[in-house]
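Below is one structure, written out as structure tokens; comments come after it.
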2 protein chains.
Amino acid sequence: MGSDKFPISELDGVARFNQHGIDSNTMFYFIGDEKTITKELPNHNLDGLDYEIVHTSEVVHMDDEATVALRKRNSSIYKGIELQKEGKVDAFISAGNTGATLSISTILLGRIAGASRGTIGTFFPTMEKRPTLILDAGANIDSKPKFLEEFAVMGALYYKEMFQIENPKVALLNIGEEETKGNELALATHKLLKASKLNFIGNVEGRDVLFGKADVIVCDGFTGNILLKFAESFLVFLKQAIRGYADKGLYKKLKVGMFAPTLKDIFKEFDYQEQGGVPLLGVNGVVIIGHGSSTGRAVENMIKRAIEIISVNLNKKIETALSG
Amino acid sequence: MGSDKFPISELDGVARFNQHGIDSNTMFYFIGDEKTITKELPNHNLDGLDYEIVHTSEVVHMDDEATVALRKRNSSIYKGIELQKEGKVDAFISAGNTGATLSISTILLGRIAGASRGTIGTFFPTMEKRPTLILDAGANIDSKPKFLEEFAVMGALYYKEMFQIENPKVALLNIGEEETKGNELALATHKLLKASKLNFIGNVEGRDVLFGKADVIVCDGFTGNILLKFAESFLVFLKQAIRGYADKGLYKKLKVGMFAPTLKDIFKEFDYQEQGGVPLLGVNGVVIIGHGSSTGRAVENMIKRAIEIISVNLNKKIETALSG
């Protein structure tokens, strides 16, 4: 109920998944206001799909604090995670409020044995073939070195399964390459990562993020959140700058009009929609969170991601790694 | 001696300043390898300029640690700051190693009464007419709330003098707008800023940085450094992405060739060269640091900046504000 285009993107995503027929055994629960969902249903090709509508009357808004969201027990987020707790569904997917989804998931589903905190990452595009997973992206503000080490373990396992990479390169976001650089948290985390079984390649700096030096980059949620939001705003800034230039005269407008489609073409490659969403890691369940502006294609990818995570039994692997 | 184009940019900057004849009373000391400087001198119009060459035999490299740089007492940075300590010069300008310049300045010149730490900021371009000053940009990794408050006071005073703005808007970089958001440092700093005499507008997020919400944004040096380096790399990333697209075929190359000059034109507005450099704030002297790749125009602006800071007696104003 809380995404930008609910329920259009959600139903479009399911319809795309249904048409591509990847797994005919999947059953869907559409959770939210029944009238809104029913009204939109005819616009999507769900032929042959096994689904059920679960009505909820409350809405968790994007700016709701976790404490507020936790009291809305008849929201689509709460209900969906509750269904998973009851064993009725295997995975929950949402393009709604990230913090609320993390809090409700942690409380209802609990954490995987050995995981001190649940975490969520974000994919940054890179110059290489694969994106880089940065975590934590904002769930854990004051993190301890041990948490960051666990995030690295969970992130690397997820990355390995997702891209079929045997030993994903793990790095620590820091202000210099040398292990003597950094704040207290970074210095202590560097030591833990160096002593771990991970394929730790050392520190990377802000300037390395977009160039694919590492597959997985860990940082505290404060830094991760600021970096993520800044990066997202950069493209908005560029668009505004280009529009501002176009507004300065007809000739400039014509020039921009001519190259705008090409620029769009170039940026398309770096679109987060390709990734679709990221799982909550460390939570004892399968919960995929997407951007509030997720398109149908993004939602389709989120569904595929959930099925992959279940089929490779990611959480069991995380439990084994964290207890080792 | 440590900048990318030494001594070309440096001498070009002085020549530009000399031609524009803003202050005929300024005397220059060119500090560095005498042969290198003497050889380059004829390529620049220094007619009527009062200058002297001060020979130094050591070079502080860009990747020298501060501890290494401090031992190079015959470097251009050390010598230049020493001349200021001895009262022979009023300001020192460098496009060399920032960390080394800060350390040597702090040790030789000391700090302004009331300033717990020296700090350096960086200008981010914005959609508004003026750029935003973010500090600390990497000098103070583990900062205390009091340090950040002092950075805000010093940054606001500098911004006020530089842009003739009576009450610059000061903000705290954070992960949410509410004052209950943030890590321990941000929560404590928010309280201090709120209680201060500054024009504190509250928290801003990573997404707000480029849109001119605040004139001065404070953060710890860890976050500031990562953000600054990430931002600088973003344009490199874009250029590579566009080049990669052009390499995919002749038609694509032609399209890119057609719009590249326009894009360059658009980006020019957001070029840091316009600002020229930033002063070390909190140090008991006038030291301006520019980017290693500073052009002659940037160096000219650094000279103007130094003269401005001296003429408005910025350090005295900082001392008064910090002791108030």
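Do we have A:Gly114 as modelled with pLDDT of 90 or more and closer than 23 Å to A:Tyr158 by Cα here? Even if it seems obvious, please write down each step before you answer.
On the way: modelled with pLDDT of 90 or more: yes; closer than 23 Å to A:Tyr158 by Cα: yes.
Criteria met by A:Gly114.
Quick test for you: out of A:Val278, A:Val286, A:Val236, pick the one residue that is β-branched (Val, Ile, Thr) and either on the phi > 0 side of the Ramachandran plot or within 12 Å of chain B (Cβ to nearest Cβ) (or both).
Details: A:Val278 fails: either on the phi > 0 side of the Ramachandran plot or within 12 Å of chain B (Cβ to nearest Cβ) (or both); A:Val286 fails: either on the phi > 0 side of the Ramachandran plot or within 12 Å of chain B (Cβ to nearest Cβ) (or both).
Matching residue, one of A:Val278, A:Val286, A:Val236: A:Val236.
Scan region A:15-28 for residues that are closer than 17 Å to A:Lys79 by Cβ and surrounded by 15 or more Cβ atoms within 10 Å (Cβ to Cβ) and jot them down.
Filtering region A:15-28 for residues closer than 17 Å to A:Lys79 by Cβ gives A:27-28.
Answer for region A:15-28, where residues must be closer than 17 Å to A:Lys79 by Cβ and surrounded by 15 or more Cβ atoms within 10 Å (Cβ to Cβ): just A:Phe28.
Given (1) more than 10 Å from chain A (Cβ to nearest Cβ); (2) in a loop (DSSP other than H, G, I, E, B); (3) touching a residue at least 24 places away in the same chain (Cβ under 8 Å), where does B:Glu166 come up short, assuming only one miss?
(3)
If the requirement is being within 14 Å of chain A (Cβ to nearest Cβ) and surrounded by 24 or more Cβ atoms within 10 Å (Cβ to Cβ), which of these qualifies: B:Asp136, B:Asp64?
Selected residue: B:Asp136, the only one of B:Asp136, B:Asp64 that is within 14 Å of chain A (Cβ to nearest Cβ) and surrounded by 24 or more Cβ atoms within 10 Å (Cβ to Cβ).
Every residue, every condition in (1) under 21 Å from B:Val236 (Cβ atoms); (2) modelled with pLDDT under 95; (3) among the aliphatic types (A, V, I, L, M), yes or no:
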position	(1), (2), (3)
A:Phe124	yes, yes, no
A:Ile134	yes, no, yes
A:Gly138	no, yes, no
A:Pro145	no, no, no
A:Glu161	no, yes, no
A:Pro168	no, no, no
A:Lys191	no, no, no
A:Leu198	no, no, yes
A:Val204	yes, no, yes
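Which is more than 26 Å from the chain's Cα centre (by Cα) and either surrounded by fewer than 24 Cβ atoms within 10 Å (Cβ to Cβ) or facing another protein chain (nearest Cβ under 7 Å) (or both), of A:Leu210, A:Leu227, A:Leu254?
Just one listed residue meets the conditions, A:Leu254.
If a residue must be more than 8 Å from every other protein chain (Cβ to nearest Cβ) and either of a type in the set (D, E, K, R) or touching a helix residue (DSSP H, G or I) at 6+ places or on another chain (Cβ under 6 Å) (or both), how many such residues does region B:213-222 contain?
4
Does B:Lys248 satisfy the criteria of being at negative phi, more than 7 Å from chain A (Cβ to nearest Cβ) and touching a residue at least 40 places away in the same chain (Cβ under 8 Å)?
Here the answer is no, as B:Lys248 does not meet what is asked.
Quick test for you: out of A:Glu82, A:Glu10, A:Glu34, A:Glu86, pick the one residue that is acidic (Asp, Glu) and farther than 25 Å from A:Val283 by Cα.
Just a single option satisfies the conditions, and that option is A:Glu34.
Quick test for you: out of B:Gly48, B:Gly13, B:Gly32, pick the one residue that is assigned by TED's automatic domain parsing to the domain that holds B:Ala306, under 23 Å from B:Thr106 (Cα atoms) and not aliphatic (A, V, I, L, M).
B:Gly32
List the pairs whose first member sits in region A:122-135 and is within 10 Å of A:Gly224 (Cβ to Cβ), whose second member is aliphatic (A, V, I, L, M) and assigned to a loop (DSSP other than H, G, I, E, B), and whose Cβ atoms are under 7 Å apart, counting only residues at least 6 apart or on separate chains?
Pairs found: A:Thr122/A:Ala137.
Of all residues being over 15 Å from A:Ala156 (Cβ atoms) and within 14 Å of chain B (Cβ to nearest Cβ) in region A:188-203, which is nearest to the chain's Cα centre (by Cα)? Just the residue, please.
A:Asn203
Before we move on, is A:Met154 away from chain B (no Cβ under 14 Å) and in contact with a helix residue (DSSP H, G or I) (Cβ under 7 Å, 6 or more places away or on another chain)?
Taking the combined requirement at face value, the residue satisfies it.
List every residue pair whose Cβ atoms sit under 7 Å apart, with the two residues 6 or more apart in sequence or on different chains, where the first one lies in region B:83-95 and is touching a residue at least 60 places away in the same chain (Cβ under 8 Å) and in the same structural domain as B:Pro7 (by TED's automatic domain parsing) and the second, anywhere, is in a loop (DSSP other than H, G, I, E, B) and surrounded by 24 or more Cβ atoms within 10 Å (Cβ to Cβ).
B:Ala95/B:Gly290; B:Ala95/B:Ser294
Is it the case that region A:38-60 has a residue that's free of Cβ contacts under 8 Å to residues at least 12 places away in the same chain and within 22 Å of A:Asp12 (Cα to Cα)?
Within region A:38-60 (the criterion being free of Cβ contacts under 8 Å to residues at least 12 places away in the same chain and within 22 Å of A:Asp12 (Cα to Cα)), the answer is yes, since at least one residue qualifies.
Looking at this structure, is B:Thr98 over 20 Å from B:Gly277 (Cβ atoms) and crowded, with 19+ Cβ neighbours inside 10 Å? Reasoning before the result, please.
Details: over 20 Å from B:Gly277 (Cβ atoms): no; crowded, with 19+ Cβ neighbours inside 10 Å: yes.
Considered against the rule, which asks whether it is over 20 Å from B:Gly277 (Cβ atoms) and crowded, with 19+ Cβ neighbours inside 10 Å, B:Thr98 comes out as no.
Across region A:169-184, what is the total count of residues that are crowded, with 23+ Cβ neighbours inside 10 Å and either of a type in the set (D, E, K, R) or not in a strand (DSSP E or B) (or both)? Full working, then the answer.
Step one: of region A:169-184, the residues crowded, with 23+ Cβ neighbours inside 10 Å are A:170-174.
After this cut, where a residue has to be either of a type in the set (D, E, K, R) or not in a strand (DSSP E or B) (or both) as well, the list is A:174.
Adding up the residues that qualify gives 1.
Is it true that B:Thr189 is closer than 21 Å to A:Gly221 by Cα and surrounded by fewer than 17 Cβ atoms within 10 Å (Cβ to Cβ)?
Answer is no for this residue.
Looking only at helices (runs of 4 or more DSSP H) that lie completely in region B:197-312, which have at least 2 residues being farther than 30 Å from B:Ala115 by Cβ, in the same structural domain as B:Val14 (by TED's automatic domain parsing) and among the aliphatic types (A, V, I, L, M)?
none
The values are calculated or read from the model by the stated rules, or taken from the named source; none is laboratory data. What you see is a predicted model, and the numbers here were worked out from it, not measured in a lab. Backbone-built Cβ (ideal geometry, glycine too); neighbour counts: all protein chains shown.
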